[in-house]
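These notes concern the structure reproduced below.
None of the figures in this text is laboratory data; all of them are computed from the coordinates on show. Note that the structure is a prediction, hence the values are computed from the model and not measured. A quick note on method: Cβ atoms are made from the backbone with ideal geometry, for glycine too, and the neighbour counts reach across all protein chains shown.
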Amino acid sequence: MTIPALAGLYPWTKALHLIAVFAWVAGLFYLPRLYVYHSAAPAGGEPSETFKVMERRLLRAIMNPAMIAAWILGITLVLTPGVVDWRAGWWHGKAAGFLAMTAFHMHLAVARKGFERDERPKTERYWRIANEAPTLLLILIVVMVIVKPF
């Protein structure tokens, strides 16, 4: 199903979608890095309290709105005539990538609540490795959308 009236808005929708994705991914790059440092900080004191504020503001003020905007604008693009050829396979790869990115976002949100309670939900090493996940997902998504290998 497509909505013909969206065709004239395509350049603006695409531009706003990319801006939202950039903001979201920037947060996905930074929040696990904050968790690396927070994991190493003693619970309850400084700088742990500073990390709590930074993590909450990053997630609530930047990442959550950016993710919601990326989703809404992405769905709008899908509903725009001529944007997605449903017979092609590349969009399956992109869908897998953004669904995994959303799941990772939710994982980070749950972990933030643990840090807020002065728990250490995972080790510093875990967060160092997890910090690479958004890069791999971004590579998958960009290749699927630009190269369209299948």
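Among the residues making up the stretch 32-70, a single one is under 30 Å from Lys14 (Cβ atoms), surrounded by 15 or more Cβ atoms within 10 Å (Cβ to Cβ) and touching a residue at least 60 places away in the same chain (Cβ under 8 Å): Pro32. Scanning the stretch 23-54 for residues that are of a type in the set (Val, Ile, Thr) and farther than 17 Å from Arg117 by Cβ turns up Val25, Val36.
Sub-9 Å Cβ pairs linking a first residue in the stretch 95-109 that is closer than 12 Å to Gly27 by Cα to a second residue that is part of a helix (DSSP H, G or I) and among the acidic types (Asp, Glu), at least 6 apart or interchain, are Leu108/Glu55, ordered by first then second residue. Listed by first and then second residue, the pairs linking a residue in the stretch 10-31 that is more than 18 Å from Ile139 (Cβ to Cβ) and in contact (Cβ under 8 Å) with a residue 24 or more places away in the chain to a residue that is hydroxyl-bearing (Ser, Thr, Tyr) and not in a helix (DSSP H, G or I), with Cβ atoms under 7 Å apart and 6 or more places separating them unless they lie on different chains, are Tyr10/Thr80; Thr13/Thr80.
Look at (1) touching a residue at least 60 places away in the same chain (Cβ under 8 Å); (2) under 30 Å from Pro4 (Cα atoms); (3) out of contact with any Leu (no Cβ under 9 Å at 6 or more places or on another chain); (4) part of a helix (DSSP H, G or I) and you find that Thr76 fails only one, number (3).
Applying the criterion of being of a type in the set (Val, Ile, Thr) and under 30 Å from Glu49 (Cα atoms) to the residues of the stretch 77-117, the residue that is surrounded by the most Cβ atoms within 10 Å (Cβ to Cβ) is Thr102. When Ile146 is tested against the conditions (1) closer than 25 Å to Leu6 by Cα; (2) among the β-branched types (Val, Ile, Thr); (3) in a helix (DSSP H, G or I); (4) in contact (Cβ under 8 Å) with a residue 12 or more places away in the chain, the lone failure is (4). When residues in the stretch 125-134 are screened for being surrounded by 14 or more Cβ atoms within 10 Å (Cβ to Cβ) and not aromatic (Phe, Trp, Tyr), 5 of them pass.
Results for (1) of a type in the set (A, V, I, L, M); (2) closer than 30 Å to Asp85 by Cβ; (3) under 20 Å from the mean Cα position of the chain (by Cα), shown as yes or no for each residue.
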| residue | (1), (2), (3) |
| --- | --- |
| Leu6 | yes, yes, no |
| Leu9 | yes, yes, no |
| Trp12 | no, yes, no |
| Ala20 | yes, yes, yes |
| Pro42 | no, no, no |
| Gly45 | no, no, no |
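Of everything listed in (1) more than 13 Å from the chain's Cα centre (by Cα); (2) at negative phi, the single unmet condition for Pro65 is (1).
Scanning the stretch 81-91 finds one or more residues that are farther than 17 Å from Met144 by Cβ and touching a residue at least 40 places away in the same chain (Cβ under 8 Å).
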